[in-house]
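Enquirer: Before I ask anything, let me first share the structure, which is written out below as structure tokens.
The values are calculated or read from the model by the stated rules, or taken from the named source; none is laboratory data. Given the structure is predicted, the values throughout are model-derived calculations rather than measurements. Counting neighbours? That spans all protein chains shown, and the Cβs are built from the backbone with ideal geometry, glycine included.
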Amino acid sequence: MNYDIIVIGSGPGGYVTAIRAAQLGFKTAIIEKENLGGICLNWGCIPTKALLKSAQVFHYINHAEDYGLNKVEGTFEFPNVIQRSRGVANKMSKGIEFLMKKNKIDVIMGTAKVQKGKKVSVTDKEGKTTEYTGTHIIIATGARSRELPNLPQDGKKVIGYRQALSLPEQPKSMIVVGSGAIGVEFADFYNTMGTKVTVVEFMPNIVPVEDEEISKHLEKSLKKTGIEIMTNASVESVDTSGEGVKATVKTAKGNITLEADILLSAVGIAANIENIGLEEVGIQTDKGRVLVNEWYETSVPGYYAIGDLIPTQALAHVASAEGITCVEKIKGMHVEKIDYGNIPGCTYCHPEVASVGLTEKQAKEKGYEIKVGKFPLSASGKATANGNTDGFIKVIFDAKYGEWLGCHMIGEGVTDMVAEAVVARKLETTGHEIIKSIHPHPTVSEAIMEAAAAAYGEVIHI
Ligand SMILES: Cc1cc2nc3c(=O)[nH]c(=O)nc-3n(C[C@H](O)[C@H](O)[C@H](O)COP(=O)(O)OP(=O)(O)OC[C@H]3O[C@@H](n4cnc5c(N)ncnc54)[C@H](O)[C@@H]3O)c2cc1C
């Protein structure tokens, strides 16, 4: 019952932390109340990508003629599509079980609560409570769908992401509130499968954290596929008393009423800080997140927090990196602090969006004199062969020293290309070094090299 490290929560923050801790020789336990793998594997990153893949395949089937094939009409049973996604999630969760065994990490199933004296109590399904002691306790309890007071989720007509991933039948129409990555991915999936989708976004642009040009381009592309998009609009109230949902939406031109079978609330997340013993131990929180220093130590020595629970970017790869940094520091290794300015962000709708670093607006606000290069995918041989030329690459360099300030991409496959910019920026690569790094032909990645060349007036293919 005594461990060097106890990790609470087995999402990409928790399970990765536990594996790295075990690798470093710590006697490690991980506590999970639901499924190994957390939101990411069970209700987030992975099952959404499985649904989006089904939608993409369906789209390709229906566009067979574009590839010189005979016309076919794709058909599907919606429960089977959901079942495939759930199967992928379960498989990944089982994989974590294997990794825990392989690394000799004790898995304790139950609901954990931290206590004073570096103790953790765990209550299992039968209601039995057991106490464990850890020299270091790392809290990674993650987050859940955020509920707005005027958009209470009933799980049936007003739903969150969990229900959107497991609906028993396909809705004919859906209102998606919020156009961050989660909202846009579900909008794309349901629209491609034939649901009439309307997206309502409070901000002037969809995917509001992205470079404005990317947001505007995505808006146009999604509208072309039939998604209705309302920006500068907010849902004031919902009425679920009738057959479907009626949402009153405030717009610049006054209030309007939208009707649909279902409303998906995708307005962000709320960290799981309640009932985990934070107050009893004296761990400080602010605005609903746990406060930590740069090594993820909370206000109470011996207790740490990582992942969606703390006020950093709520992304799986961030949670994992924080956990690794946290345990390596505990081990006394020479560790670099995480550079939160070099975190890639991806949205897996069609076309995909991927970015890292400063947007053009942010770079200008920071006082940089910049060089901007753009390359349209319509000029890429590989994108043309793929039949997916919608999109472009935009790169931003500091005019003085050539530092790569930002990379913004929209198009098929860009989420697999953004890592190049992350590594290059980490290595302080300049624009000219990108131009002189020979990219393979034909690949869509050549467009990055060409965009860099465009910034310096050396572009070849436009
Ligand atoms: C629909 C959707 C799509 C997403 N897509 C992406 C994506 O494509 N890429 C990306 O990077 N991120 C994506 N995310 C975000 C990503 O899922 C989260 O950033 C990530 O899961 C956070 O990891 P975590 O370890 O902090 O917490 P979580 O994954 O939330 O895991 C926390 C775990 O702690 C457990 N827990 C909570 N309280 C207790 C307790 N008291 N005792 C024991 N266990 C407890 C929970 O059951 C859960 O398993 C997506 C999220 C959603 C909702």
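Enquirer: Tell me, please, whether a residue that is of a type in the set (F, W, Y), buried (at least 18 other Cβ atoms within 10 Å of the Cβ), in contact with a Ser or Thr (Cβ under 7 Å, 6 or more places away or on another chain) and at pLDDT 95 or above can be found in the stretch 377-395. Don't jump to the end; show me each part of the working.
Expert: Applying the first criterion (of a type in the set (F, W, Y)) to the stretch 377-395 yields 392.
Imposing the further condition that a residue be buried (at least 18 other Cβ atoms within 10 Å of the Cβ) reduces the set to 392.
Cutting the leftovers down to in contact with a Ser or Thr (Cβ under 7 Å, 6 or more places away or on another chain) gives us none.
No, the stretch 377-395 has no match at all.
Enquirer: Within the stretch 171-204, how many residues are more than 15 Å from the ligand (Cβ to nearest atom), touching a strand residue (DSSP E or B) at 6+ places or on another chain (Cβ under 7 Å) and part of a helix (DSSP H, G or I)?
Expert: 1
Enquirer: Let me ask another. Identify the residue in the stretch 185-194 that is touching a residue at least 40 places away in the same chain (Cβ under 8 Å) and more than 18 Å from the chain's Cα centre (by Cα) and, among all such residues, is surrounded by the most Cβ atoms within 10 Å (Cβ to Cβ).
Expert: Step one: filter the stretch 185-194 for residues touching a residue at least 40 places away in the same chain (Cβ under 8 Å), giving 185-189, 192-193.
Next, from what is left, pick out any that are more than 18 Å from the chain's Cα centre (by Cα): 192-193.
Values: T192: 23, M193: 18.
Checked the stretch 185-194; the qualifying residue surrounded by the most Cβ atoms within 10 Å (Cβ to Cβ) is T192.
Enquirer: What single numbered condition from (1) crowded, with 24+ Cβ neighbours inside 10 Å; (2) in a helix (DSSP H, G or I); (3) out of contact with any helix residue (DSSP H, G or I) (no Cβ under 6 Å at 6 or more places or on another chain) fails to hold for K53?
Expert: (1)
Enquirer: Can you tell me which of S145, S221, S173 is within 25 Å of T359 (Cα to Cα), in contact (Cβ under 8 Å) with a residue 40 or more places away in the chain and surrounded by fewer than 24 Cβ atoms within 10 Å (Cβ to Cβ)? It would help to see each step written out before you state the result.
Expert: Values: S145 fails: within 25 Å of T359 (Cα to Cα); S173 fails: within 25 Å of T359 (Cα to Cα).
Matching residue, one of S145, S221, S173: S221.
Enquirer: If only one of G11, G25 is near the ligand (Cβ under 6 Å from one of its atoms), of a type in the set (G, A, S) and part of a loop (DSSP other than H, G, I, E, B), which one is it?
Expert: Working: G25 fails: near the ligand (Cβ under 6 Å from one of its atoms).
It is G11.
Enquirer: I've got another one for you. Please enumerate the residues belonging to the stretch 105-124 that are within 12 Å of the ligand (Cβ to nearest atom) and of a type in the set (K, R).
Expert: Scanning the stretch 105-124 gives a single hit, K113.
Enquirer: Out of the stretch 297-324, which residues are touching an Asp or Glu at 6+ places or on another chain (Cβ under 6 Å) and over 18 Å from S145 (Cβ atoms)?
Expert: Hits for the stretch 297-324 are Y304, I306.
Enquirer: Out of I61, I39, I46, I19, which single residue is in contact with a Leu (Cβ under 8 Å, 6 or more places away or on another chain), part of a helix (DSSP H, G or I) and either surrounded by fewer than 16 Cβ atoms within 10 Å (Cβ to Cβ) or of a type in the set (V, I, T) (or both)?
Expert: Sole residue among the options that is in contact with a Leu (Cβ under 8 Å, 6 or more places away or on another chain), part of a helix (DSSP H, G or I) and either surrounded by fewer than 16 Cβ atoms within 10 Å (Cβ to Cβ) or of a type in the set (V, I, T) (or both): I19.
Enquirer: Taking the condition of being under 20 Å from Q23 (Cα atoms) and within 15 Å of the ligand (Cβ to nearest atom), how many residues in the stretch 319-352 meet it?
Expert: So the count comes out to 9.
Enquirer: While we're looking at this one, here's another question. Which residue pairs have Cβ atoms closer than 6 Å, lie 6 or more positions apart in sequence or on different chains, and pair a first residue in the stretch 332-348 that is farther than 18 Å from P208 by Cβ with a second residue that is more than 14 Å from the ligand (Cβ to nearest atom) and in a loop (DSSP other than H, G, I, E, B)?
Expert: Pairs that qualify, where the first residue is farther than 18 Å from P208 by Cβ and the partner is more than 14 Å from the ligand (Cβ to nearest atom) and in a loop (DSSP other than H, G, I, E, B), are K337/E294.
Enquirer: Just checking, does the stretch 204-215 include any residue being modelled with pLDDT of 95 or more, more than 20 Å from the chain's Cα centre (by Cα) and surrounded by fewer than 20 Cβ atoms within 10 Å (Cβ to Cβ)? Steps first, answer last, please.
Expert: Pass one, the stretch 204-215, residues modelled with pLDDT of 95 or more: 204-215.
Applying the additional criterion that residues be more than 20 Å from the chain's Cα centre (by Cα) yields 204, 213.
Next cut, surrounded by fewer than 20 Cβ atoms within 10 Å (Cβ to Cβ) only: 204, 213.
Yes, the stretch 204-215 contains a residue that is modelled with pLDDT of 95 or more, more than 20 Å from the chain's Cα centre (by Cα) and surrounded by fewer than 20 Cβ atoms within 10 Å (Cβ to Cβ).
Enquirer: Taking S378 and the conditions (1) in a helix (DSSP H, G or I); (2) touching a residue at least 24 places away in the same chain (Cβ under 8 Å); (3) not β-branched (V, I, T); (4) not assigned by TED's automatic domain parsing to the domain that holds I137, which numbered condition does it fall short on, given that it satisfies the others?
Expert: (2)
Enquirer: Determine whether A164 is surrounded by 16 or more Cβ atoms within 10 Å (Cβ to Cβ) and under 24 Å from Q23 (Cα atoms). Working first, answer last.
Expert: Working: surrounded by 16 or more Cβ atoms within 10 Å (Cβ to Cβ): yes; under 24 Å from Q23 (Cα atoms): no.
Taking the combined requirement at face value, the residue does not satisfy it.
Enquirer: A further question follows. Of the residues in the stretch 286-323, how many are within 30 Å of G178 (Cβ to Cβ) and either buried (at least 19 other Cβ atoms within 10 Å of the Cβ) or among the aromatic types (F, W, Y) (or both)? I'd like the intermediate steps shown before the answer.
Expert: Let us first name the residues in the stretch 286-323 that are within 30 Å of G178 (Cβ to Cβ), namely 286-292, 296, 298, 305-323.
Among the residues that remain, those that are also either buried (at least 19 other Cβ atoms within 10 Å of the Cβ) or among the aromatic types (F, W, Y) (or both) are: 290, 292, 296, 298, 305-310, 312, 314-316, 318-323.
Of the residues in that region, 20 qualify.
Enquirer: Within the stretch 78-85, is even one residue within 13 Å of the ligand (Cβ to nearest atom) and either of a type outside the set (V, I, T) or not in a helix (DSSP H, G or I) (or both)? Step through it out loud before you land on a result.
Expert: Here is the first cut: in the stretch 78-85, the ones within 13 Å of the ligand (Cβ to nearest atom) are 85.
Still in the running and either of a type outside the set (V, I, T) or not in a helix (DSSP H, G or I) (or both): 85.
Among the residues of the stretch 78-85, at least one is within 13 Å of the ligand (Cβ to nearest atom) and either of a type outside the set (V, I, T) or not in a helix (DSSP H, G or I) (or both), which makes the answer yes.
Enquirer: Which of the residues that make up the stretch 408-428 are touching a strand residue (DSSP E or B) at 6+ places or on another chain (Cβ under 6 Å) and not in a helix (DSSP H, G or I)?
Expert: Correct list: H408, M409, I410.
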